[in-house]
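The values are calculated or read from the model by the stated rules, or taken from the named source; none is laboratory data. The structure presented is a predicted model; accordingly, all values stated were derived computationally and were not measured. Here the Cβ positions follow ideal geometry from the backbone for every residue, glycine too, while neighbour counts run over all protein chains shown.
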Amino acid sequence: MSAPPLPPEVVRLILDEVRDLILKDVVRASQVSRTWRLAARSHPLFAQDIFLFSDACQSRGAVRLILDRLAAVPGGNLYMDLHLTLGKGDLSRQATAEQNVRTMLIPALAQCLPRIVTLSIVCDEEFINDVVAALRAGPAPRLKVFKFYGYQHEPRPSTKMKVLPLDLFSGEAPLLRVLQMDACQFPEVPVPAFASVRELIRVADRRAEENYYCCVQLHPERFFISCPALEQLLVNANTFNLTRSS
């Protein structure tokens with residue numbers, strides 16, 4: 001006679017007691033049985049800390065896992081770090097990555113805005129408009145940290161940056177305190193969602209190994225228009241000509 005299955009609550013206690021538990025361990029636990037799946041899906045590593053790196057965009061399995069994790073705890077807080085890039089490889093894999101990003105990941109981002117506490121996005125230039133559209137889908141009442149980088153495969157200083165829309169987060173991100181905005185340009189009028197920002201970071205020099213840390217135009221006079229509560233400003237411009245920034 002087999003022993004009765006452990007309740008999900010007991011399995012969750014077991015997971016909580018494991019030292020140095022990592023996401024891979026929790027994902028494997030979710031595949032053991034239905035009971036373990038219920039317990040694993042409620043664990044913070046599975047349901048809160050969402051990391052997606054470039055190569056994963058080419059894998060439907062990896063994307064489906066992300067969507068499964070987003071749905072694990074409806075209403076729960078989310079901490080998201082997304083690299084929405086085509087990555088390296090043949091054209092068919094890049095086409096798969098593009099379809100995954102446009103049809104699955106970006107729509108999921110729009111649906112999750114009310115739950116996100118921290119959000120970091122790195123995306124290819126061709127996805128910037130789509131990402132910005134998703135960020136206009138609704139308010140972000142829990143958002144505290146927002147970082148948005150644009151990736152340039154070949155830096156083009158003459159490229160005109162997209163100007164942020166005024167209705168980003170539907171104008172509501174009351175807890176937003178830390179902002180790094182290097183994928184888009186600040187407008188000449190206030191962005192209401194940035195009214196509570198205390199710390200602003202702009203990176204205006206391209207690092208040789210990280211093309212996405214690149215802000216093409218700076219316009220520092222616009223920072224204070226959108227961020228009236230600003231207390232700390234960090235501009236990393238070691239190789240940037242500030243005399244041409246406005």
Original post:
Of all the residues that make up region 146-187, how many are within 19 Å of residue 229 (Cβ to Cβ) and modelled with pLDDT of 90 or more?
Top reply: 18
**OP:** Output the residues belonging to region 131-146 that are surrounded by fewer than 18 Cβ atoms within 10 Å (Cβ to Cβ) and outside any loop (DSSP other than H, G, I, E, B).
**Re:** 133, 145
Original post:
Out of 121, 116, which single residue is in contact with a Lys or Arg (Cβ under 8 Å, 6 or more places away or on another chain), touching a residue at least 60 places away in the same chain (Cβ under 8 Å) and of a type outside the set (Gly, Ala, Ser)?
Top reply: 121
Subject >> Boolean, residue 213 is at pLDDT below 90, in a strand (DSSP E or B) and hydroxyl-bearing (Ser, Thr, Tyr) >> reply: no
**OP:** Kindly list, by first and then second residue, each pair from a residue in region 170-194 that is among the hydroxyl-bearing types (Ser, Thr, Tyr) to a residue that is surrounded by fewer than 24 Cβ atoms within 10 Å (Cβ to Cβ), limited to pairs with Cβ atoms under 8 Å and residues at least 6 apart or on different chains.
**Re:** 170/136; 170/137; 170/138; 170/139
**OP:** From the list 109, 52, pick out the single residue that is crowded, with 16+ Cβ neighbours inside 10 Å and in contact (Cβ under 8 Å) with a residue 40 or more places away in the chain.
**Re:** 52
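Conditions tested, residue by residue: (1) closer than 19 Å to residue 137 by Cβ; (2) free of Cβ contacts under 8 Å to residues at least 60 places away in the same chain; (3) in contact with a His (Cβ under 9 Å, 6 or more places away or on another chain).
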{"residue": "56", "(1), (2), (3)": "no, yes, yes"}
{"residue": "60", "(1), (2), (3)": "no, yes, no"}
{"residue": "101", "(1), (2), (3)": "yes, yes, no"}
{"residue": "104", "(1), (2), (3)": "yes, yes, no"}
Original post:
Considering 41, 102, which residue is surrounded by 17 or more Cβ atoms within 10 Å (Cβ to Cβ) and either among the charged types (D, E, K, R) or within 14 Å of the chain's Cα centre (by Cα) (or both)?
Top reply: 41
